[in-house]
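The values are calculated or read from the model by the stated rules, or taken from the named source; none is laboratory data. From a predicted model like this one, the values you see are computed outputs, not experimental measurements. Note that we place each Cβ from the backbone using ideal geometry, even for glycine, and neighbour counts take in every protein chain shown. Remember, those area values only see protein heavy atoms, side chains included, never the ligands or the DNA or RNA. Shrake-Rupley method; radii C 1.70, N 1.55, O 1.52, S 1.80 Å.
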Amino acid sequence: MPPTPFERVRSRYVTLDDANIDTDQIIPARFLTTTKSTGLGAHAFADWRSRSGSPLNDERATGAQILVTGDNFGCGSSREHAPWALVDLGFRAVVSTSFADIFRQNAHKNGLLTVTVDASFHSALLANPWAEVEIDLATRTITGPDGMSDSFDIDEFSADCLLGGTDELSYLLKFRDTITQFEKGCQA
């Protein structure tokens, strides 16, 4: 199923300020028993949520669509289940100072925006837990508490797919008629 179009999200954010949160922490391997992208949110951060005091268990986390994390988020094994679990848990975007490349690619392919911010902006977010952030993909800006704002980068293809709610296959299928015409020309 193609992702939901993403243009702008304004939401309270949940903070997990640990560095090097790997994909096995996001969705433990024991839950990788499905090839469906739904239903994994119940198991996202399962080991962390079993701990008392986890921000993910706080009632303020309910309905939050933005996750602010430590450096190098999504490292470890390539596991498409990780962004599936985050999206199914209700997150539309993850904000960090850096992401593992394969996680970023998997996230964008599955409708989850990654926003890389500099250390000072990140520190300001961490200093205001549970505050509200607005992320505007069309303008590539993030606006935090007290109106502070920063821009972020994203490759054009990923941005176009996220804005249109299109995955790679849906994107290619938009050109089905052109491809068919080209193939007919090659057969002549």
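Data table
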| quantity | calculated |
| --- | --- |
| Selection from the range 101-133 of residues that are free of Cβ contacts under 8 Å to residues at least 40 places away in the same chain, of a type outside the set (Phe, Trp, Tyr) and farther than 16 Å from CYS161 by Cα | ASP101, ILE102, THR116, VAL117, ASP118, ALA119, SER120, SER123, ALA124, ALA127, ASN128 |
| Residue count for the range 14-50, restricted to those that are of a type outside the set (A, V, I, L, M, F, W, C) and assigned to a loop (DSSP other than H, G, I, E, B) | 12 |
| Residues located in the range 143-154, provided they are in contact (Cβ under 8 Å) with a residue 24 or more places away in the chain and open to solvent by less than 80 Å² (accessible area, probe 1.4 Å) | MET148, ASP150, PHE152, ILE154 |
| Subset tally (residues that are assigned to a loop (DSSP other than H, G, I, E, B) and open to solvent by 30 Å² or more (accessible area, probe 1.4 Å)) for the range 91-142 | 12 |
| Boolean, ALA159 is open to solvent by 60 Å² or more (accessible area, probe 1.4 Å) and closer than 19 Å to VAL94 by Cβ | no |
| Which listed residue is touching a helix residue (DSSP H, G or I) at 6+ places or on another chain (Cβ under 6 Å) and hydroxyl-bearing (Ser, Thr, Tyr), from THR139, THR143, THR97, THR116 | THR97 |
| Considering residues of the range 131-169 that are modelled with pLDDT of 95 or more and within 22 Å of GLU59 (Cα to Cα) only, the residue farthest from the chain's Cα centre (by Cα) | ALA131 |
| Every residue from the range 175-188 that is among the polar types (S, T, N, Q) and either open to solvent by 100 Å² or more (accessible area, probe 1.4 Å) or under 20 Å from CYS161 (Cα atoms) (or both) | THR178, GLN181, GLN187 |
| Condition check for LEU172: part of a helix (DSSP H, G or I), buried (at least 18 other Cβ atoms within 10 Å of the Cβ) and aliphatic (A, V, I, L, M) | no |
| Every residue from the range 51-89 that is among the small types (Gly, Ala, Ser), buried (at least 22 other Cβ atoms within 10 Å of the Cβ) and part of a helix (DSSP H, G or I) | ALA82, ALA85 |
